[in-house]
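Enquirer: Mind having a look at this structure? Questions to follow.
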Amino acid sequence: QVQLVESGGGLVQPGGSLRLSCAASGGFFNFYIMDWYCQAPGKPRELVATITSGGNTNYADSVKGRFTISRDNAKSTVYLQMNSLKPEDTAVYYCHLAPGNYWGQGTQVTVSS
């Protein structure tokens, strides 16, 4: 059974950085597109970034130039490097595997002074 476990969230000041990790197990993760989503209080879950098995990436306009998604297929892990964080980035961040619609438990990111 596929499991996705996120880590790396926390409290950071505006302008700071965080690196989220998503460790996958239980499936042929390396062949699939992986996504990061975020959900702020009272708002719907939104797509943040996507990476294909070959490493092609796509980003929401709000994070372009600040966030970088990457993957290490040998470790079955996807990363989200978040730089120049803003208070509006505050949300729970979820890792997602599209085939089968698997979700991680989420990790809280809070950007506040």
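Enquirer: Of all residues in segment 46-58, how many are surrounded by 13 or more Cβ atoms within 10 Å (Cβ to Cβ) and small (Gly, Ala, Ser)?
Expert: The number of residues fulfilling the criteria is 2.
Enquirer: Shifting gears a bit: Would segment 28-45 turn up any residue that is open to solvent by less than 80 Å² (accessible area, probe 1.4 Å), in a loop (DSSP other than H, G, I, E, B) and polar (S, T, N, Q)?
Expert: So the first thing to find is which residues in segment 28-45 are open to solvent by less than 80 Å² (accessible area, probe 1.4 Å), and the list is 29-30, 33-40.
Next cut, in a loop (DSSP other than H, G, I, E, B) only: 33, 40.
Those left that are additionally polar (S, T, N, Q): none.
Looking for residues that are open to solvent by less than 80 Å² (accessible area, probe 1.4 Å), in a loop (DSSP other than H, G, I, E, B) and polar (S, T, N, Q), one finds none in segment 28-45, hence no.
Enquirer: Quick check on my filter: what residues within segment 1-39 are small (Gly, Ala, Ser) and in contact (Cβ under 8 Å) with a residue 60 or more places away in the chain?
Expert: The answer is 7, 8, 9, 10, 15, 16, 17, 24, 27.
Enquirer: Against the condition more than 30 Å from residue 112 (Cα to Cα), among the polar types (S, T, N, Q) and at pLDDT 95 or above, how does residue 56 come out, does it pass?
Expert: yes
Enquirer: What residue, of 24, 49, is at pLDDT below 95 and assigned to a strand (DSSP E or B)?
Expert: Numbers: 49 fails: at pLDDT below 95.
Checking each option against the conditions leaves just 24.
Enquirer: Looking only at segment 59-113, how many residues end up being of a type in the set (Gly, Ala, Ser), assigned to a loop (DSSP other than H, G, I, E, B) and open to solvent by less than 40 Å² (accessible area, probe 1.4 Å)?
Expert: 4
The values are calculated or read from the model by the stated rules, or taken from the named source; none is laboratory data. Fair warning: this is a prediction, and the values are worked out from it, not measured in the lab. All Cβ positions, even for glycine, are placed from backbone atoms using ideal geometry, and neighbour counts span all protein chains on display. For the accessible areas, the whole protein counts, side chains as well, though only heavy atoms, and no ligand, DNA or RNA atoms are used. Shrake-Rupley method; radii C 1.70, N 1.55, O 1.52, S 1.80 Å.
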